Amino acid sequence: MSRARKGRPIHGWLVVDKARGMTSTEVVNQVKRLTQAQKVGHGGTLDPLATGVLPVALGEATKTVQYVMDARKSYVFTLRLGEARDTDDAEGRVVATSDRRPSDAEIEAALDAFRGEILQRPPAYAAVKVQGERAYDLARRGEPVVLEPRPVRIDELRLVGRPDADHARFVMTCGKGAYVRALARDLGEALGCYAHVAELRRTAVGPFGLDRAISLDALARLVEDDSLPQALISVATALAGIPALAVTEPQALRLRSGQPIRIVPRLLGEDAVDGATIKVTRGGELVALARLEGAELSPLRVFNLEGGVAARARE
């Protein structure tokens, strides 16, 4: 006999405005403590230095975390020019300095090399695994960390301000795996002045932005007032870019029991491609993620949003 899961069945996303100094894991633990949700996870790590959008998945939403991890992300950040640090941000130890301060025009000219598809070497203090260990664990022990460059995509990178000669402010939108700290390091080297991240705020992760973000203090008040559903965002929101298909109740029952169903592929239009992942709904509620093969949909992930606190797909 299976053991009952502890906690409340809560299904949906919360967008937490992470405070500086907290780890992403600490935020998840706080959300779990406040909501008493059975299952909680986050959709993309933020460094302790960083603030801003941290999508947190509850219950059935944890099944869609990977789609948020793969989504585009947007940032506003400030670089401190003239200093390199071992962590590539303000929390690290100064390892090199320079008296050179580039002009706005020099910075603008250097940015072209960092837009589009580029190769980027992750920071030594990163969660990337090296022979089974996190790179940051090796770096903290003083062991040499050599990470290979990997392709990332920078869709937008703009200089938006110079508070003073020592600082430059930017906005950036990027794909999965891009590090702002690595960009700071590489841009500083390209400008011949060194640089590290002084401030970093994430403004969006996929469909989740600051307009829906709440602080942990605000979350505590909502829970106390029994108003948590006001902050919950539907599980399906994380799947906004995936083609959708509405099915009948009998088809929904088959998928939920792990069985494939037959469909008319032309109903999906240009999305009717073998191997495509399809978002299946019934009455506006998410039923499953399924793989299309010919005229057959086979369930990959099945969702059960009944019997708990959940947000409807209203976004």
Problem set entry | Output for region 25-66, where each listed residue is under 12 Å from the mean Cα position of the chain (by Cα) and surrounded by fewer than 21 Cβ atoms within 10 Å (Cβ to Cβ) | GLY41, GLY44, THR45, VAL65, GLN66
Seminar exercise, completed: Across (1) outside the structural domain of LEU54 (by TED's automatic domain parsing); (2) modelled with pLDDT of 95 or more, ARG221 clears everything bar (1)
Problem set entry | Flag if GLY284 is more than 24 Å from the chain's Cα centre (by Cα) and under 30 Å from LYS73 (Cα atoms) | yes
For this session: Would you check if ALA238 is under 27 Å from the mean Cα position of the chain (by Cα), under 24 Å from ALA71 (Cβ atoms), free of Cβ contacts under 8 Å to residues at least 60 places away in the same chain and buried (at least 18 other Cβ atoms within 10 Å of the Cβ)?
Result: no
For this session: Output the number of residues of region 23-34 satisfying the condition of being at pLDDT 95 or above and under 19 Å from LEU210 (Cα atoms).
Result: 3
Exercise. Does ASP226 satisfy the condition of being among the acidic types (Asp, Glu), over 20 Å from the mean Cα position of the chain (by Cα) and farther than 20 Å from TYR75 by Cβ?
Worked result: yes
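The values are calculated or read from the model by the stated rules, or taken from the named source; none is laboratory data. Since the structure is predicted, the reported quantities are computational estimates derived from the model, not experimental observations. When we count neighbours, we look across all protein chains shown, and the Cβ atoms used for this are built from the backbone with ideal geometry, even at glycine.
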